[in-house]
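The values are calculated or read from the model by the stated rules, or taken from the named source; none is laboratory data. Nothing here was measured: the structure is a model prediction, and the numbers come from that model. With ligands, DNA and RNA removed, areas are computed over all heavy atoms of the protein, side chains included. Shrake-Rupley method; radii C 1.70, N 1.55, O 1.52, S 1.80 Å.
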Amino acid sequence: MSKKNDTGKAGEAAACSYLRECGYTILQTNWRFHRYELDIVAANGGELVVVEVKTRAEDYLVSPEKSVGHSKIRRIAAAADAYVQKYGVALPVRFDVISLTQNGQTCKVFEHIEDAFLAPVNR
């Protein structure tokens, strides 16, 4: 497995641990819909929470949360819509971003941005 994949997996595991400690119930990790993927799908406080996890080494140039651009948001929203339809979820959906930094083998939650973005409206 590549170093990038190892970093991503470590970050997702750390994010899941963090969310569990905060009282979230993890429903799915790495859920796929066609070519789209949801990193973490969780439930908390009567909401379905879709979490995009961004992990970077400590010497990153662009902060992890800034790497979630418009096209990524559209893909996440499309996958979340498919998830809601497939499982008949009747909860409101919230989109969060968790950014982590990695120092050696240790990942640390740098920031948890709740309601990081809204699903775009298709016209």
Study note, to complete from the structure: By accessible area (1.4 Å), largest first, 86, 54 order as 86, 54
Practice item. Run the 1.4 Å probe and let me know the accessible area of residue 37, rounded to the nearest 10 Å². Key: 60 Å²
Review point. What residues have an amide H closer than 5 Å to that of residue 111, excluding those fewer than 5 places away on the same chain, when H is modeled at 1.01 Å from N in the peptide plane?
Key: 99
